[in-house]
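Notes for the one structure printed next.
The values are calculated or read from the model by the stated rules, or taken from the named source; none is laboratory data. Please read all numbers here as calculations on a predicted model, not as lab measurements. We place every Cβ from the backbone using ideal geometry, glycine too, and count neighbours over all the protein chains shown.
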Amino acid sequence: MTGMDRERSVSRVAVGLSGGADSVALLLLLRERDGGGVAAIHVNHGIRGAEADEDERFCRDLCREKDIPLRVVRLDLGPDCSEDRARAARYEALRAVCAEEGIERLALAHHRDDQAETLLLRLIRGSGAGGLSAMAPETRWCGLTILRPLLDTSRAELRQWLLDRGQEWREDPSNADPRYLRNRVRAELLPLLESMNPGAADRLARTAATLREDEDALTAMAADRLHGSCGRRWLRAASVADAPPAVRSRALRMWWDRAHGSTLPEHTLSHEQTLDLRSLLAADPGACMNLPDGWRAVRGARYLHLAPPSLPGEDLSLPLINGQTLNSVAVSLAPWQGEETDGKRSAILPLGWADACALRAARSGDVITPEHSGRARPLREFLRDRGVEKPFRRWIPVLCRGSEVLMVPGLGRSEELARAAAPEDLLIRWTGPMPWTEERTGEEHHG
């Protein structure tokens, strides 16, 4: 790899430079606009052999001549690599370099014709409104801001700009390979549409931009529905059940994306899966459905739940220390100074107990002696009697000594913690979302 000047690259814009006309034009345009504020990243996939090496050499020579910092990433994907796999590998390489170099913005050279092609491809494949809005001028992805500043500029205009300056570029022969659907759309379908209605590509790109505005508005409405109403594995059903179908679908997909955390296309919800998840809102408690990557969705009385194949931290036992967090619930410890406690979000911990206590998820065999009860009982009964939905019971955090539960955040403490406190004891407080504490209300309707 050719190393960038670390000081110069931080907070700059990096351009994904292939050596083709579009990326060369973008690099030089940004260079003229920002002066030294641009860097380049070239990914050699190792797919096209000597031709790819010539592309790399061209990019090195161009950046050396223009005094532009360059990083080159060499991959070995082999000649049989699919277009989708090559694209995914290229994006991951670009992301990794930006992370390593401290670059927060990545500019890509997609232009107006690419936008029109993308809309047509997604229309052919049956995309919804989100897909038909094609590419956004600016998006966030894996901590990066992705910029596409050329979406209003045509391929022909970019090439003419380079020709006027005597600037060469590299042509990728694979762009003419009819085995790729995008190439056929570019070489056959778009010219046909232009012959039928000149300016078709421009109007298609403008249609995508209009759909993008609609998509942004619907996505914002969906985000409002989720605000304060969901965690990574739970969603208050009533918060989205009465939303318009378009907003409901986006809210559910957004919730899934946050919970699953994958950016891979095969892990996103399909149209059919989104509709099935919508129907789960109106299902009876206990209804469930399968989701990508081995996950499941379960309908509770008040919530939708997402259940991964295994729960991170379900076998983890954390020491009880100030600031410890498990499943979004945090604990604080401080000397007790006579404050009142409610036994649900606060309690008194006797001096010397902290070292013997742990914070973990509920387990089979746990028991608790609830305050004022006088007898030990299985934790599962304690949770059931308080209306805690079954999916919560797999990961709800508890304070324990061995299999003896001393406190369930938001629900109650044991008799031992309710005893008279001494001045040297500790005050324990719990903060964070505790949806399992909500009383049964009118939200139990299924929408």
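Which residue, of 391, 423, 378, is under 27 Å from residue 338 (Cβ atoms) and assigned by TED's automatic domain parsing to the domain that holds residue 348? Lay out the reasoning, then the answer.
Working: 391 fails: under 27 Å from residue 338 (Cβ atoms); 378 fails: under 27 Å from residue 338 (Cβ atoms).
Within the list 391, 423, 378, the selection yields 423.
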- Residue in segment 197-209 that is surrounded by 16 or more Cβ atoms within 10 Å (Cβ to Cβ), under 23 Å from the mean Cα position of the chain (by Cα) and among the β-branched types (Val, Ile, Thr) present: no
- Message: Every residue in segment 314-343 that is closer than 27 Å to residue 384 by Cβ and either among the hydrophobic types (A, V, I, L, M, F, W, C) or buried (at least 17 other Cβ atoms within 10 Å of the Cβ) (or both), please.
- Response: 316, 318, 320, 326, 327, 329, 330, 331, 341, 343
- Hits in segment 95-132 - residues which are small (Gly, Ala, Ser) and modelled with pLDDT under 90: 126, 127, 128, 129, 130, 131
- When residue 104 is run through (1) closer than 27 Å to residue 69 by Cα; (2) surrounded by 19 or more Cβ atoms within 10 Å (Cβ to Cβ), the failure sits at (2)
- Evaluate segment 250-258: report whether one residue or more is of a type in the set (A, V, I, L, M, F, W, C), in contact (Cβ under 8 Å) with a residue 60 or more places away in the chain and in contact with a strand residue (DSSP E or B) (Cβ under 7 Å, 6 or more places away or on another chain). no
- Note on the structure: Within segment 403-444, restricting to residues that are more than 30 Å from residue 237 (Cα to Cα) and hydroxyl-bearing (Ser, Thr, Tyr), the one that is modelled with the highest pLDDT is 414
- Item | Residue among 292, 245 that is in contact with an Asp or Glu (Cβ under 8 Å, 6 or more places away or on another chain) and either free of Cβ contacts under 8 Å to residues at least 40 places away in the same chain or surrounded by 20 or more Cβ atoms within 10 Å (Cβ to Cβ) (or both) | 292
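In segment 333-357, what residues are among the aliphatic types (A, V, I, L, M) and not in a loop (DSSP other than H, G, I, E, B)? Outline the logic, then answer.
Going residue by residue through segment 333-357, those that are among the aliphatic types (A, V, I, L, M) are 333-334, 347-349, 351, 354, 356.
Selection gives 333, 334, 347, 348, 349, 354, 356.
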- Item | Candidates 151, 144, 181 - the one that is within 25 Å of residue 56 (Cβ to Cβ) and touching a residue at least 40 places away in the same chain (Cβ under 8 Å) | 144
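Does residue 37 fit the bill of being surrounded by fewer than 19 Cβ atoms within 10 Å (Cβ to Cβ) and over 16 Å from residue 17 (Cα atoms)?
Numbers: surrounded by fewer than 19 Cβ atoms within 10 Å (Cβ to Cβ): yes; over 16 Å from residue 17 (Cα atoms): no.
The answer is no for residue 37.
Condition test on residue 263, is it polar (S, T, N, Q), surrounded by fewer than 15 Cβ atoms within 10 Å (Cβ to Cβ) and modelled with pLDDT under 95? Write out each step before concluding.
On the way: polar (S, T, N, Q): yes; surrounded by fewer than 15 Cβ atoms within 10 Å (Cβ to Cβ): yes; modelled with pLDDT under 95: yes.
Yes, satisfied.
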- Query: In segment 70-89, is there at least one residue being surrounded by 19 or more Cβ atoms within 10 Å (Cβ to Cβ), under 24 Å from residue 155 (Cα atoms) and of a type outside the set (S, T, N, Q)?
  - Reply: no
- Item | Residue list for segment 352-378, restricted to those being of a type outside the set (Asp, Glu), in contact with a Lys or Arg (Cβ under 8 Å, 6 or more places away or on another chain) and closer than 13 Å to residue 413 by Cα | 367, 368, 369, 370
- State the number of residues belonging to segment 259-284 that are in contact (Cβ under 8 Å) with a residue 40 or more places away in the chain and more than 15 Å from the chain's Cα centre (by Cα). 5
